[in-house]
Amino acid sequence: MGTQHPSVPPRAQARIAGNKHPNRGHHASGLIHDHTRHTTSFTVIGNHLTQHPDLSLLAIGLACHIQSLPKGARVDIKTLAARFPEGATRIAAALRELESHGYLRRERQRVPGGRIVTRTTSCNQPAARRHADRPSCPDRPVPRTTATPSGHTPDRTRKPLPAVPQPACTAPALVQSAADLLADLRRHDPRLLLSAADAAHLAPGVAAWLERDVSPTAVRQALTADLPSEGLHRPAALLAHRLAAQLPPPPPFRAPAAPPPVRHPLQTCEGCDRAFRAPGPGRCRDCRCDVPEAA
């Protein structure tokens, strides 16, 4: 029996008239394919991805690259930014596009040893998965997921953020400095792009650090150092944990400095006309000592 070709239609189809075929005819310009059949080292990718009407060109190219990688390859933002020239911000946006359209799934898992890692799953046919996961009731719409600014699908049942330290003084200038520091974190790592609600929750914790004589540079270093290389599932929760767990102690007590000695004005001695310092006119020390002796 000869080799089977599953892609061959089960029965012959009526031919389309030559002058009506959309890809037939003599065109003065346009694309011409010069194809050679692949036999090794190739990846099958559907046109639903390569010709997707809503995805950007960067997202389509990144999806093709990810689908061509072997199992276990690293596809975090840091690794992809080191591989391609587009930069971490554009690559993060492309990953969010693919995740929102179902071509990627990212899940946080705890591995033996207690470390939390991100498992990334590449889906080459999201429509097939959505059809399999569709509820049995045909009248029930499938909810559409959207990506958050940090690049992950929001969880409507997620836990509230951990509590953060509270400053003893809530001066407006101190709280504003804390808010500005949080807004600037995304310049150091694009994954630390916070929502307004998350920044408002974290600002008192940053203010508590600044209140303890910690410089803004030191606070920024404590929040951004040694971040996991995988995608952050919830950056605000990580920052809240660091603000509470790594809160430095209050600065050491410093006794108030002794007041400077009082410097009296110059006076002219009434006995010897010598200048001396005293709170008011009178005699100098020598003249005051001579009076009892004379007596």
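Here are the numbers for the structure shown:
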{"quantity": "Scan of the stretch 92-126 for residues that are modelled with pLDDT of 85 or more and among the basic types (Lys, Arg), ordered by number", "calculated": "Arg96, Arg105"}
{"quantity": "Residue tally, condition within 32 Å of the chain's Cα centre (by Cα) and part of a loop (DSSP other than H, G, I, E, B), over the stretch 26-56", "calculated": "7"}
{"quantity": "Whichever residue in the stretch 71-119 is in a helix (DSSP H, G or I) and hydroxyl-bearing (Ser, Thr, Tyr) and, among such residues, is most open to solvent (accessible area, probe 1.4 Å)", "calculated": "Thr89"}
{"quantity": "Selected residue [modelled with pLDDT of 85 or more, of a type in the set (Lys, Arg) and open to solvent by 50 Å² or more (accessible area, probe 1.4 Å)] from Arg234, Arg285, Arg254, Arg242", "calculated": "Arg234"}
{"quantity": "Exclusive hit being under 19 Å from Ala127 (Cα atoms), within 21 Å of the chain's Cα centre (by Cα) and not hydrophobic (A, V, I, L, M, F, W, C), set Arg96, Arg90, Arg74", "calculated": "Arg96"}
{"quantity": "Subset tally (residues that are open to solvent by 30 Å² or more (accessible area, probe 1.4 Å) and in a helix (DSSP H, G or I)) for the stretch 57-70", "calculated": "7"}
{"quantity": "Qualifying residue in the stretch 140-153 (condition: at pLDDT 80 or above and open to solvent by less than 70 Å² (accessible area, probe 1.4 Å))", "calculated": "no"}
{"quantity": "Residue list for the stretch 211-224, restricted to those being of a type in the set (Gly, Ala, Ser) and either touching a Lys or Arg at 6+ places or on another chain (Cβ under 6 Å) or open to solvent by less than 30 Å² (accessible area, probe 1.4 Å) (or both)", "calculated": "Ala222"}
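The values are calculated or read from the model by the stated rules, or taken from the named source; none is laboratory data. As the structure is a computational prediction, the values presented were derived from the model and not from experiment. For neighbour counting, all protein chains shown are included, and Cβ atoms are generated from backbone atoms with ideal geometry for every residue, glycine included. Areas reflect the complete protein model, heavy atoms only, side chains present, ligands, DNA and RNA absent. Shrake-Rupley method; radii C 1.70, N 1.55, O 1.52, S 1.80 Å.
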